[in-house]
Amino acid sequence: MSTPDNAISIQNVTKLFWGIEAVSRCSFNINGGTVTGIIGPNGAGKSTLFNLIGGQYIPDYGDILIGEKYVTGFTANQVAQRGLFRTFQVAHEYPRMTLIDNLKIAPINQKGESLLYNLFSSKKIKEEEIIYEKKALEVLKILELDHLKNEQAGFLSGGQKKLLEFGRILMSEPKIVLLDEISAGINRTLMQKLITIIKTINKEKNVTFCVIEHDMDLIKELCNTVIVMTQGSVLAKGTFEEIVKNKEVQEAYLGLEGQ
Ligand SMILES: Nc1ncnc2c1ncn2[C@@H]1O[C@H](COP(=O)(O)OP(=O)(O)O)[C@@H](O)[C@H]1O
Ligand SMILES: [Mg+2]
């Protein structure tokens, strides 16, 4: 049973693609206010799991809860209303829009306000735009992308696009953030900065983070708990130290068999 402390509960979740289980009877809880790492070999089902939590896919079996609320089958917008946001393994940006506009429209998209409402409240829109512009500039500064604010997002490198996507999340008021391989394509200096940003948001705003990562340094430095996935389900869960000592994990993932 879930407790009020649960940010996310995955209960016996299965997702099939053409009859093959990408996620297979997967169960775990993530406690509120923690930073949890998900590691595992390619094809283990990590991104599919994020797609299930984020409302991009619907599970074939099992349930997903955010806090105490069953969100199985919810759309991405519906889970966003509950404060859950995610980045994609391959970033989704608006390539022809500038960086600043990519950020400014994030909270507007999220509200899903009707065109009619917008037409009849242009004064309110103007006021909101000023607030979002200020916030977007702050976010670009944090991510060291402010010098590119008027560039089209399509011209960014893969790593910069991921930072921009993280920035879109920071434009909202997230309670839970899922990051899918955010460090890929980002240099060590910026990655260190990203770790600091995540730690600060986690501590100061009590935002729960769940990160899929291959970089074990990042996992070690950032995560209270590590979940190891193989073949669609959880092989082990524990602290970083417990995980690296675990024989099954060493054999299945870390490639340390016999050492
Ligand atoms: N949209 C899809 N259609 C068909 N198969 C998919 C799809 N998405 C993922 N898969 C398959 O599901 C399995 C898990 O993939 P994925 O969740 O991307 O793994 P990971 O993120 O751990 O590398 C893989 O075998 C992959 O080929
Ligand atoms: Mg993946």
Using every alpha carbon pair in the chain, what percent of pairs falls into each 10 Å bin from 0 up to the bin containing the largest distance? 7, 29, 35, 21, 7, 1, 0
3J(HN,Hα) from dihedral phi, region 30-45, Karplus parametrisation 6.51/-1.76/1.60, rounded to Hz, x for glycine, proline: 10, 6, x, x, 9, 10, 10, x, 10, 10, x, x, 4, x, 6, x
What is region 23-107's relative contact order, in percent, from Cα pairs under 8 angstrom and six or more apart in sequence? 19
Taking 0.36 nm per residue of sequence separation and subtracting the Cα-Cα distance, how much length would be gained by fully extending the chain between K199 and E129, in nm to one decimal? 22.3 nm
Fewest-first sequence of L194, L84 by Cβ atoms within 10 Å of each Cβ: L194, L84
Around F50: net Lys/Arg minus Asp/Glu count, Cβ-Cβ under 9 Å: +1
At 10 °C in a medium of viscosity 1.306 mPa s, region 155-200 has a Stokes-Einstein diffusion coefficient, with Rh taken as the Kirkwood radius over alpha carbon pairs, in µm² per second, of 142
Excluding F240 itself, what net charge comes from residues whose Cβ is under 14 Å from its Cβ, given Lys and Arg +1 and Asp and Glu -1? -3
Computed ³J(HN,Hα) along region 53-65: with the Karplus parameters 6.51/-1.76/1.60, θ = phi - 60°, integer Hz and x for glycine or proline, the list is 5, x, x, 7, 10, 10, x, 6, 9, x, 9, 10, 10
Distance between region 153-210 and region 17-92 - C-alpha centres, whole angstrom: 18
Note on region 139-193: contact order normalised by length, alpha-carbon pairs under 8 Å, 6 or more apart, percent, works out to 37
Site I58, offset 7 angstrom along Cα→Cβ, radius 17 Å on amide nitrogen, limited to region 13-41, gives 13-19
Which value in nm describes the separation of the simple spin-label points at D217 and I20, placed 7 Å from the Cα toward the beta carbon? 3.4
Virtual paramagnetic centre 7 Å along Cα→Cβ of A184, amide N under 18 Å, in region 163-177: 163-167
To the nearest 500 deg cm²/dmol, what mean residue ellipticity at 222 nm is calculated for the chain from DSSP H runs of n ≥ 4 alone, each contributing -39,500 (n - 2.57), summed and divided by the residues? -11500 deg cm²/dmol
FRET efficiency for T34 and K149 from the Cβ-Cβ distance with R0 = 41 Å, rounded to 0.05, comes out at 0.80
Which entries in K123/K205; K124/K162; K149/K205; K46/K237 show an alpha-carbon gap greater than 19 Å? K123/K205; K124/K162; K149/K205
Can you pull the Kirkwood radius for region 189-232, inverse mean 1/r over Cα pairs, to one decimal in Å? 11.5
Do you know the relative contact order of region 34-186, to the nearest whole percent, from alpha carbon pairs under 8 angstrom that are 6+ apart? 31
Any chance you could run the full-extension gain for D5 through E138? It's 0.36 nm times the residue separation minus the Cα-Cα distance, nm to one decimal. 44.8 nm
Please list 3J(HN,Hα) in residue order for region 202-209, calculated via the Karplus relation 6.51 cos²θ - 1.76 cosθ + 1.60 where θ = phi - 60°; whole Hz, with x for glycine and proline. 4, 6, 6, 10, 6, 7, 7, 10
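Values quoted throughout were computed directly from the atomic coordinates according to the rules given, and no laboratory measurement underlies them. Computed from a predicted model, the values in this text were never measured in an experiment. Please note: Cβ atoms are built from the backbone with ideal geometry, for glycine as well, and neighbour counts cover all protein chains shown.
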